[in-house]
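Each remark here refers to the structure printed beneath this line.
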Amino acid sequence: MSRQRRIKTILIKCLIAYGIFTFLLGIAFVSAGGMQLFSSSTTPPVPESTTLASDLEYLREVVLLNEKDITPEQRAAFNEVLGNAPEPQSVTDVTLTAMRALAVFDNAHTTVLETWMHHLPVRFHWTSNGLIIVKARSAYADLLGQKVILLGGKPPNTLLNAMTGFVGGGTDSWRRYRSESLFSVPAALAQMGAMVNNASVELALESPDGQRSTATLQADEDPMPGDPFWDFRHAFPGNDSFGTAGWETLLSDDQPLPLYLQQSDRLHVVGSLPDFNAVYLRMNASFADSDETLDQLEQRVLNLIDDTAADNIIVDFRFNRGGDYTQVLPIVRATAEAVPEQGELYLLVGANTFSAGIIAASQYQRYLPDNLTIVGSEIGDQLRFRAEGFYPTLPASGIQLYLTKAWTDLANGCGWFDDCWPVNKLLLRQVDSLSPDIYVENTWASYRAAHDRVLEMVLQDMMRDSQVTTNLPD
């Protein structure tokens, strides 16, 4: 055989081998769910004439075309909610009907992403021992800091039982958090069984010194926006989000604040606690601040750890509402690896640890199984949930939805042939639990006083072998 023919034969064999390899790689890619990466969402045609009623029909079509893994029972329940809903008279009606319809899918991400509702002129926040008023229009500033005993004649804890009708999936903590917004909506309270009279609600209140009073509040004339993944900002000092510019807040940026509330307009805060040989990192989202990349944040944290020779690292994910966990995993790994053998990483979690925040938090157990203490309260979602959202907008009302197309499974892990989002199969490992080793929440009194019982418990745990318990920061 001539040299030329040998070369030709070798090239043909290489081409065949490459073809077989590519074919097998394609099969592996498809079997691992890789086509999910390229699947596109389907948007139904918009009616020529849109109304609030047509929005509900559009909702039906876009959800059934796009929401992943709907069971026959869920489909029937979804259609039943929409079929029994009265014709909407306001954007509030559309929002609440959409929330009820999406709740049947038992997935916390599947929800109304941009809400528009008529709210009372106050905003609420749950503490461990009660629901309190943390923000109000100036005319109602005297209500700030008071605990709510009754809403329309019903105790807040009793009304929580009705939250599953509006919020499907998630944990009890998530539904409690979501109630903070819905409890300020008279139309929602009426559907929960509270007494509502022409969009006005009577509140029975208790002041910090134990005095009881009542206040009757009327819903604002104009609907106001909301976002389930960001509504927690109402509890931040001086916050003016979601149309509340000019409102009064219980806490102020002018007073000494705990680390989790400092610079609340920033997503990420880094600080040193030299008395405790510790570095503090707060991440309120799994994406970058506008003026700092995540690579820069990581380097800033590591430099501070090196400069202070810190043994302990505190990572505060209590308000990490999500984003892109793939961008945050390098920080998770770097901070875990920075903990010395004699040190500890304290991971702070709570109801607003959600979505990519849960994913990123979970991987601390992978990288740091022996020197990790979880502190706080129950996280916002289960360890198996659907995400990777599609964001359709209802044409007439402008309400935006969050529909989901892919699974994350941190409880059981993602096998090669599982229906998980393909990237998760490569980057994530399963975890046993994200339940706190030390369960603690802020109370009515600690929130009013701008103290952080969660961080204080961490610092006390650091000093558990010492008699030193002073110098705890506010």
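Dimensions of the range 59-163 based on its C-alpha atoms, expressed as ranges along the principal axes with the largest first, amount to 49, 29, 23 Å. Database remark: amide H of Met117 closer than 5 angstrom to the amide H of Met224 (H placed geometrically; neighbours at sequence offset of 5 or more, or on other chains; Pro and chain starts carry no H). Residue-wise HN-Hα couplings along the range 255-262, as the Karplus relation 6.51 cos²θ - 1.76 cosθ + 1.60 with θ = phi - 60° gives them from phi, are 9, x, 10, x, 4, 6, 10, 6 Hz; Gly and Pro carry x. Taking amide hydrogens as placed 1.01 Å from N in the peptide plane, the amide H of Lys68 sits under 5 Å from those of Thr404, each at least 5 positions away in sequence or on another chain.
For GluC sites (Glu not before Pro), the sites in the range 171-278 that DSSP calls loop and that have at most 11 other Cβ atoms within 10 Å are Glu221. Global size of the chain: 25.4, 104 Å for Rg and Dmax (C-alpha atoms, Rg to one decimal, Dmax whole). Based on C-alpha pairs under 8 angstrom that are at least 6 apart in sequence, the range 332-418 has a relative contact order of 26 percent. Taken over the range 337-407, the alpha-carbon convex hull comes to 108 cubic angstrom per residue. Peptides 402-408, 256-262 ranked from most to least packed, by the mean per-residue count of other Cβ atoms within 10 Å: 402-408, 256-262.
Scoring 155-161, 324-330 by mean Cβ neighbours within 10 Å over their residues and listing the highest first yields 324-330, 155-161.
Listed as lacking a disulfide-compatible partner in the chain: Cys14, by the criterion of no other cysteine Cβ under 4.7 Å.
For Ser290 and Gln262, a Förster radius of 22 Å and the Cβ-Cβ distance give a FRET efficiency of 0.80, rounded to the nearest 0.05. Here is the P(r) of the range 237-282: all C-alpha pair distances, binned every 5 Å from 0, give 5, 19, 23, 22, 14, 9, 5, 3, 0 in whole percents. Here the range 92-223 is described by how far its Cα atoms reach on the three principal axes: 43, 32, 23 Å, from widest to narrowest. Computed extension gain for Asn277 through Ser433, at 0.36 nm per residue and net of the alpha carbon distance, reaches 53.4 nm.
Per-residue 3J(HN,Hα) values for the range 68-78, derived from phi via the Karplus relation 6.51 cos²θ - 1.76 cosθ + 1.60 with θ = phi - 60°, read 7, 6, 6, 7, x, 5, 5, 4, 5, 5, 4 Hz in sequence order (x marks Gly and Pro).
Karplus-based coupling profile of the range 386-397, in residue order and whole Hz: 9, 8, 6, x, 10, 10, x, 10, 6, x, 7, 8, with θ = phi - 60° in 6.51 cos²θ - 1.76 cosθ + 1.60 and x standing for Gly or Pro.
In terms of Cα to Cα distance under 16 Å, which aspartates and glutamates are near enough to Lys68, apart from those fewer than 8 places away along the same chain? Qualifying aspartates and glutamates at Cα under 16 Å: Asp106, Glu388, Asp409, Asp418, Asp419.
Relative contact order for the chain: 16 percent, from Cα pairs under 8 Å spaced at least 6 residues apart, divided by residue count.
Values quoted throughout were computed directly from the atomic coordinates according to the rules given, and no laboratory measurement underlies them. Note that this is a predicted model, so its numbers are computed, not measured. As a convention, Cβ positions derive from the backbone with ideal geometry for all residues, glycine included, and neighbour counts pool all protein chains shown.
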